[in-house]
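S.K.: Input: one structure, supplied below.
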Amino acid sequence: SQTIHQWPATLVQPVGSPLSLECTVEGTSNPNLYWYRQAAGRGLQLLFYSVGIGQISSEVPQNLSASRPQDRQFILSSKKLLLSDSGFYLCAWSVASGRFLKNNEQFFGPGTRLTVL
Amino acid sequence: GNSVTQMEGPVTLSEEAFLTINCTYTATGYPSLFWYVQYPGEGLQLLLKATKADDKGSNKGFEATYRKETTSFHLEKGSVQVSDSAVYFCALSDHRDDKIIFGKGTRLHILP
């Protein structure tokens, strides 16, 4: 069966410090991968998604970046954190689109709670 | 463009009450529709889904029917429990790309 891991689970960082959040998926190959942010009391905001190694699509311009160095690894980074980067970061995966794919349901990790002080 | 609109929360009910959370959508073609649930401090879990008109998704006592004529996918449960307290997200995928469009979420509080 497939599993998705995120770490760390919680993180407290000062403004201006760097960030690296990691997400890995097990039990599947060539997944689509996604990073979302959920600010307090708000909905989901798609930040980045990737359909393959080295292929990153950015949805929202900001001081964050994403990388996919391996097939099942997705990393969210920042060189200098802002207060507004605080939130709950969720990684998700889905089966890659194919000729017979009829739905694109996504499977979510447990999330990382980031507090920037 | 595609969009999902769900009722504003929070919704507060007593245990064993009947639940309805409204969801309507705008999309081209024939999207797949989903309800996700997020328990406090956790990621989202797929609750149920429907992939074509008139399909009924069901899980854990929750149901939702894909109504193309009214572009709706309302979530219902006949008798809620305290453990159902969570945030519920309605979502759609139109299959043209690899993204899902999520509603803003509805927070549900169930009182014992």
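The values are calculated or read from the model by the stated rules, or taken from the named source; none is laboratory data. Source: prediction; values computed, not measured. Quick reminder, even Gly has a Cβ in these numbers, built from the backbone with ideal geometry, and neighbours come from all protein chains shown. Accessible surface areas use protein heavy atoms only, side chains included; no ligands, DNA or RNA. Shrake-Rupley method; radii C 1.70, N 1.55, O 1.52, S 1.80 Å.
S.K.: What number of residues within the range B:65-112 are more than 14 Å from chain A (Cβ to nearest Cβ) and either touching an Asp or Glu at 6+ places or on another chain (Cβ under 8 Å) or at positive phi (or both)?
M.R.: Residues flagged as more than 14 Å from chain A (Cβ to nearest Cβ) and either touching an Asp or Glu at 6+ places or on another chain (Cβ under 8 Å) or at positive phi (or both) within the range B:65-112 amount to 15.
S.K.: For the range B:22-54, which residues satisfy the criterion of being more than 8 Å from chain A (Cβ to nearest Cβ), farther than 24 Å from A:Gln6 by Cβ and among the β-branched types (Val, Ile, Thr)?
M.R.: Residues satisfying the conditions are B:Thr24, B:Thr26, B:Thr28.
S.K.: Which condition number does A:Asp85 fail, the rest of (1) more than 13 Å from chain B (Cβ to nearest Cβ); (2) without any contact (Cβ under 8 Å) to a residue 60 or more places away in the chain being met?
M.R.: (2)
S.K.: Let me ask something additional. Can you tell me how many residues within the range A:1-29 are out of contact with any strand residue (DSSP E or B) (no Cβ under 7 Å at 6 or more places or on another chain) and open to solvent by 70 Å² or more (accessible area, probe 1.4 Å)?
M.R.: 3
S.K.: For A:Gly109, are the conditions met, namely being at the interface with another protein chain (Cβ under 9 Å from one of its Cβ atoms) and in contact with a Lys or Arg (Cβ under 8 Å, 6 or more places away or on another chain)? Steps first, answer last, please.
M.R.: Working: at the interface with another protein chain (Cβ under 9 Å from one of its Cβ atoms): yes; in contact with a Lys or Arg (Cβ under 8 Å, 6 or more places away or on another chain): no.
Judged against the criteria, A:Gly109 is not a match.
S.K.: What are the residue pairs meeting all of these: first residue in the range B:42-57, first residue within 17 Å of B:Pro31 (Cβ to Cβ), second residue open to solvent by 40 Å² or more (accessible area, probe 1.4 Å) and outside any strand (DSSP E or B), Cβ atoms under 6 Å, and 6 or more apart or on different chains?
M.R.: Qualifying pairs under 6 Å: B:Thr51/A:Lys102; B:Ala53/B:Lys68.
S.K.: Condition first: more than 9 Å from chain B (Cβ to nearest Cβ), within 21 Å of B:Gly103 (Cβ to Cβ) and without any contact (Cβ under 8 Å) to a residue 40 or more places away in the chain. Can you find one or more residues in the range A:50-69 that meet it?
M.R.: Yes, there is a match, as at least one residue in the range A:50-69 is more than 9 Å from chain B (Cβ to nearest Cβ), within 21 Å of B:Gly103 (Cβ to Cβ) and without any contact (Cβ under 8 Å) to a residue 40 or more places away in the chain.
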